[in-house]
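Chemist: Below is a structure I'd like to ask you about.
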Amino acid sequence: MQLSREQLLQAYERMKTIREFEDRLHEEIPKGLIPGFTHLYSGQEAIAVGVCENLTDADAITSTHRGHGHCIAKGVEVKPMMAEIYGRATGCCNGKGGSMHIADLSKGMLGANGIVGGGPPLATGAAIAFRNRGKGEVAVALAGDGSCNSGPVFEAMNMAVVMNLPVIFMFENNGYSEQTAPAYAVGGGKTTMTRRAEGFGMPATSGDGTDFFEVYEKTREAVERARNGGGPSALEFSCLRFFGHFEGDPQRYRADGEVEDARENLDCLKNFRAKVTEAALLEDADMDAIDAKVATLIDEAVEEAIAAPFPEPEAVTQDVYIDY
Amino acid sequence: MPVMTYREAVTEALTIEMNRDETVVIMGEDVAGGAGGSSGVRDNQSGIWGTYPQFHAKYGENRFIDTPISEAAIVAAAAGAALTGLRPIAEIMFADFMGYCLDQIQNQAAKFRYMFGGTAETPMVVRTAYGAGLSAAAQHSQCMYSQITHIPGIKVAVPSKPADAKGLMLTAIRDNDPVIFFEHKALMAATGEVPEGDEGIPFGEAAMYREGDDCTVVAIGRMVHFAETAIDSLAGEGITCDLVDPRTTSPLDEETILESVEHTGRLVVVDESNPRCSVASDIAGIVASKAFSALKAPIEIITSAHSPVPFSPVLEQAYLPSVDEITAAIRKTQD
Amino acid sequence: MADMTAVAMPKWGLEMTEGTVVKVHVAVGDEVTKGQTIMDIETEKIANEFEAEASGVIKKIIVNEGDTKVIGELLAIIGPADASDADVDEFEGSYVSVAVGRVEATSTAAPAAAPAPAAPAASSAPASDDGSVKASPPAKRLARKLGVDIAQVTGTGRGGRISADDVQAFADAGGAAPAAEEAPAAAPAPAAGGEVRATPGAKRLAKELGIDLATVAGSGRGGRISKEDVEAAASGGGGAGSYGSTPVTAEAALAAPAQVIPGDNAVTVETMNNMRKTIAKRLTESKQNVPHFYLTVDVEIDNLLARRAKYNKANGTKASVNDFIIRAAGLALKAVPKANVQFHGDELHYFENADISIAVAIDGGLITPIVRAANLKSVAQIADEVKDLAARARENKLKLDEIQGGSFSISNLGMFGIKHFDAVINPPQGAILAVGAGEERLVAKNGAAAVATVMTVTMSCDHRAIDGALGAEFLASFKELLEEPLALVI
């Protein structure tokens, strides 16, 4: 299916925004103004954007601890996200969640999740709501290879099949779950999740996570299936994350040169640019303009976040309940 | 006023809300029963406690959902559905199974509103059966409400009487925060007057089932009945008691408890939980710190033993609080 | 008896305690095989077919259709065809249910002995609930007790719920019905219950005693006033004249609205306000419990009057005769320390310094602020202090430590022309001095008639703490100081 020029530009812009956002955080974090744990998504942009370009605000996604890319792909605004990561009152969660719990329910982003495997069962639940509503909305669980052995994930997949729910399980195999590679931890070798999902009784396919177009197309099939009452599907796409599990991870489990090589040869932005220019869909100038625009946006986001106020102490006990 | 059993009262509340609001859905194991069975009969179990008679026929597959045995997925699905517009009631058959779904209660449902800066609502109910006394043994007899009460972001109801079961269930379903609803399995057949209509009982408001001047007894769940027996048996000795049933442990009606203690000056807390970090020790701590000068005697705390629940009935009897223990404790406060 | 099988109510499921036999499919004499349905039994949750556990002949059916039986109860007996009726009866008679029950809310203690006829049979009342007003159960109880119409109370508790504190505050503000037995007086009371942090018990007691909580120091958590604090404020109090010692507020002293009852001789009925009630109570207690005796001396005060004039001129002060009297009493108590005493049951408390309570008349009553260590203060200091205390007393601004304590009181009715009177001791003080007016009298001096300004003072003593000789010693010292007043001004 051909994407329009607008869609291509948006896809590029979203991927570029994620890359800039994450790469910039990597520079800012050592300066000490960003509290807590941060997990960066650089290298995986094509998966988040390839999936979300098939979705509207009414569709829902669940996420992982590495959720900034999912947020941006789903259309969450960058500046409130940055403020949230800096723990400021102007953050999209009022400073209450931080990097690991960034959410924007108005955009159907059901929150980054600090519990591995926490997302897919929630997505199954959203799918129940969507099924009942009958408007063709779908839920996509963006999960990592780390969750591939999690009991609740299997429960969610089984339940999705049993109830024929409009949910898609997208497993992003980014090469490592924390410090252990799936080659070791996920029994059964390559594309195990695809075969496990098939074992649960749903259609499943796999592909190259650095190829936006492959992600987009295969997700489109799954989403259409779900929208039309065809039930759940699973997808397994591979790539390599450019940064560590968390910022500060010495990454001793990676061979020298692995990351440099990935940035050179497994860069979905480079791949995208090459493809669209070769096919004369877009020009370099178009994408250069986007690069400049994004750079400015990220600069502003960081500046404004640093200048933003912290939440008041009273906020500690606010929003624990709606009313108590 | 109509008289009905505790279980019927719960059913009535569920029915009222299922009829009133089509976003209310029920999900759990064998809530209908018979899914995939060779007889083809659904609604044959109606839930392990029989609280959903004919619900499958009445409400259909989409709103009344038999699930596989997947507590984690059940509770998480309820949470995800709550975030996206439904009002799910998930059943966890035995409170003991909370271990399977504690992450989904504690780290997901309890925290969405807070983590997401007040932008999320998670209007879900988890109803579960708790308690010992039927020789269901160690893994099917625990209370669990003490651990759950501890979690900020969760509300906890523990009704003792049919009227409270109905009223609190109505409120739980209508409440937009996550509620865990604990029903004692040995109370399912208990009868009592239950008001007609659809008025819910607010959370955080205790009931006082006896009034007196000499001692305050705070009791949770089934222990309310034990306490009533104990208190009534002391009438001949001229000892009268306030019996406070908090009805919800989170939020807790501290005010009624403290005012009662200020009136009587003495406190006995009766809780079927194990002793450490129980709701009983929590209430005792609250009273000791906020009404110390009102106390004329040390607080008496009565809980089950610090052990798993034993199987043999003689042992189970010894494990649980007894009416005699409660009576003795009340008398002791009068010394 | 061989091969007899008991057909007992089965236990199906965790919860079942009893079942109802809906239908009996067999009759006595029928042959049944194991597994054959012999009854239909219904429980709360299910209806099920009950199958025979053994083959044989139905020898006896003990249950009727529609009966409800507890699990384990015998329903029928299956046995061999040739079993006799006697066999069957024997089996039935020896049958013991082995069904295990549940842990129930039963008491194993012997039933409580019947209350002795004279004993009031107090039982914990099932809480009554009118249901319509949102109020906590203790709030409802308090409202009943105080005669408050709870529907009129504003709730500040959870979700606007009325708490017992709200009811108490409402009652304190005069909202209780006059007719209720335990209702406080209808007098508009000070807003003691409002902003002051006090326990309900403290508020109740303060109200009873007419104490303004704002004047009570709280020793409880975060400065909260407890009942003990109020009791301390009331009982430690300085001795007063005839009018009790409880600190009261000006507002509390206002009389309740009068009510005229028609009759031959029109009578105006005035309900006693809290202050008067307290005075009445304390005076009665004092008169009933304290063994008073009275010692009277006449004091010639011409020298005192002269001394006073010189003193005031030299110091620019306006000390009154009473200020000199206070100093004299202070020094006399130091000279006769055993008279500087409080009575406490088995103990007598003797004090180092003389803290003297001075009666001050205020609107509708009396209050007795204390001049501390009168023996250490000059007349000028005493004069200033008394002036300040009196002014603040009239404005109802005395502090607790200014009215609590003291071992000796002075009441002076001289300004009213009273020649002599006997005052009532204010416990736990040991004594009180009643001072009359100074007047010119004929006296005998060295056998000749003379005129002197004479003042009669009477000391009432608590005979448990002070006996005659001691009291006399004090008065002698006191008289000497006043008649030779140089010592008072040095």
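Chemist: Answer yes or no: is there a residue in region A:76-86 that is among the charged types (D, E, K, R), surrounded by 24 or more Cβ atoms within 10 Å (Cβ to Cβ), within 12 Å of another protein chain (Cβ to nearest Cβ) and assigned to a helix (DSSP H, G or I).
Modeler: Yes, that holds for at least one residue.
Chemist: In the list A:N132, A:N158, which residue meets the criterion of being modelled with pLDDT of 95 or more, in contact with a Lys or Arg (Cβ under 9 Å, 6 or more places away or on another chain) and surrounded by fewer than 24 Cβ atoms within 10 Å (Cβ to Cβ)?
Modeler: Just a single option satisfies the conditions, and that option is A:N132.
Chemist: Is there a residue in region B:112-122 that is in a helix (DSSP H, G or I), touching a Cys at 6+ places or on another chain (Cβ under 7 Å), buried (at least 24 other Cβ atoms within 10 Å of the Cβ) and on the phi < 0 side of the Ramachandran plot?
Modeler: yes
Chemist: Separate question: Just a yes or no: is a residue in region A:284-307 over 17 Å from A:R14 (Cα atoms) and not in a helix (DSSP H, G or I)?
Modeler: Checking region A:284-307: not a single residue is over 17 Å from A:R14 (Cα atoms) and not in a helix (DSSP H, G or I).
Chemist: Here's a follow-up. Please go through region C:68-99 and pick out each residue that is in contact (Cβ under 8 Å) with a residue 40 or more places away in the chain, out of contact with any Ser or Thr (no Cβ under 7 Å at 6 or more places or on another chain) and of a type in the set (D, E, K, R).
Modeler: Within region C:68-99, C:K69, C:D87, C:E90 meet the criteria.
Chemist: Shifting gears a bit: Here is a list: B:A79, B:A57, B:A110. Which entry is more than 24 Å from B:A186 (Cβ to Cβ) and either modelled with pLDDT under 95 or not assigned by TED's automatic domain parsing to the domain that holds B:A132 (or both)?
Modeler: Residue meeting the stated conditions: B:A57.
Chemist: Related question: Which condition does B:Y130 not pass, out of (1) buried (at least 24 other Cβ atoms within 10 Å of the Cβ); (2) more than 10 Å from chain A (Cβ to nearest Cβ); (3) under 17 Å from B:P68 (Cα atoms), if it passes all the others?
Modeler: For B:Y130, the failing item is (3).
Chemist: Within region A:95-121, how many residues turn out to be closer than 15 Å to A:I34 by Cα and either modelled with pLDDT of 95 or more or in contact with a helix residue (DSSP H, G or I) (Cβ under 7 Å, 6 or more places away or on another chain) (or both)?
Modeler: Residues flagged as closer than 15 Å to A:I34 by Cα and either modelled with pLDDT of 95 or more or in contact with a helix residue (DSSP H, G or I) (Cβ under 7 Å, 6 or more places away or on another chain) (or both) within region A:95-121 amount to 7.
Chemist: Let me ask something else about it. Return the residues of region A:290-324 that are more than 14 Å from chain B (Cβ to nearest Cβ) and of a type in the set (D, E); say none if nothing qualifies.
Modeler: Within region A:290-324, A:D291, A:D299, A:E300, A:E303, A:E304 meet the criteria.
Chemist: What tally of residues in region B:286-319 results from selecting those that are under 15 Å from B:S273 (Cα atoms), surrounded by fewer than 22 Cβ atoms within 10 Å (Cβ to Cβ) and among the hydrophobic types (A, V, I, L, M, F, W, C)?
Modeler: Residues flagged as under 15 Å from B:S273 (Cα atoms), surrounded by fewer than 22 Cβ atoms within 10 Å (Cβ to Cβ) and among the hydrophobic types (A, V, I, L, M, F, W, C) within region B:286-319 amount to 3.
Chemist: Something else now. In region A:92-134, which residues are facing chain B (nearest Cβ under 9 Å), touching a residue at least 60 places away in the same chain (Cβ under 8 Å) and either acidic (D, E) or part of a loop (DSSP other than H, G, I, E, B) (or both)?
Modeler: A:N94, A:G95, A:K96, A:G98, listed by residue number.
Chemist: Have a look at A:R225, A:R220 and point out the one that is in contact (Cβ under 8 Å) with a residue 40 or more places away in the chain and outside any strand (DSSP E or B).
Modeler: A:R220
Chemist: Let me ask you something else. When region C:23-52 is examined, which residues are found to be under 26 Å from B:I48 (Cβ atoms) and more than 60 Å from the chain's Cα centre (by Cα)?
Modeler: C:T37, C:M39, C:D40, C:I41, C:A47, C:N48, C:E49, C:F50, C:E51
Chemist: Working only within region A:17-51, note down all residues that are charged (D, E, K, R) and either in a loop (DSSP other than H, G, I, E, B) or touching a Lys or Arg at 6+ places or on another chain (Cβ under 9 Å) (or both).
Modeler: Across region A:17-51, the qualifying residue is only A:E45.
Chemist: Condition test on A:Y41, is it surrounded by 21 or more Cβ atoms within 10 Å (Cβ to Cβ) and within 25 Å of A:A308 (Cα to Cα)?
Modeler: yes
Chemist: Taking the condition away from chain A (no Cβ under 14 Å) and closer than 25 Å to A:N164 by Cβ, does B:E91 pass?
Modeler: Criteria met by B:E91.
Chemist: Restricted to region C:70-90, and to residues that are surrounded by 18 or more Cβ atoms within 10 Å (Cβ to Cβ) and closer than 19 Å to C:A27 by Cβ, which residue is farthest from the chain's Cα centre (by Cα)?
Modeler: C:A83
Chemist: Does at least one position in region B:77-84 carry a residue that is out of contact with any Cys (no Cβ under 7 Å at 6 or more places or on another chain) and more than 9 Å from chain A (Cβ to nearest Cβ)?
Modeler: No, region B:77-84 contains no residue that is out of contact with any Cys (no Cβ under 7 Å at 6 or more places or on another chain) and more than 9 Å from chain A (Cβ to nearest Cβ).
Chemist: On to the next question. Residues B:G200, B:G221, B:G238: which one is at positive phi and either in contact (Cβ under 8 Å) with a residue 60 or more places away in the chain or more than 8 Å from chain C (Cβ to nearest Cβ) (or both)?
Modeler: B:G221
The values are calculated or read from the model by the stated rules, or taken from the named source; none is laboratory data. Computed from a prediction, not measured in an experiment: that's the story for all the values here. Note: ideal-geometry Cβ built from the backbone for every residue, glycine included; neighbour counts use all protein chains shown.
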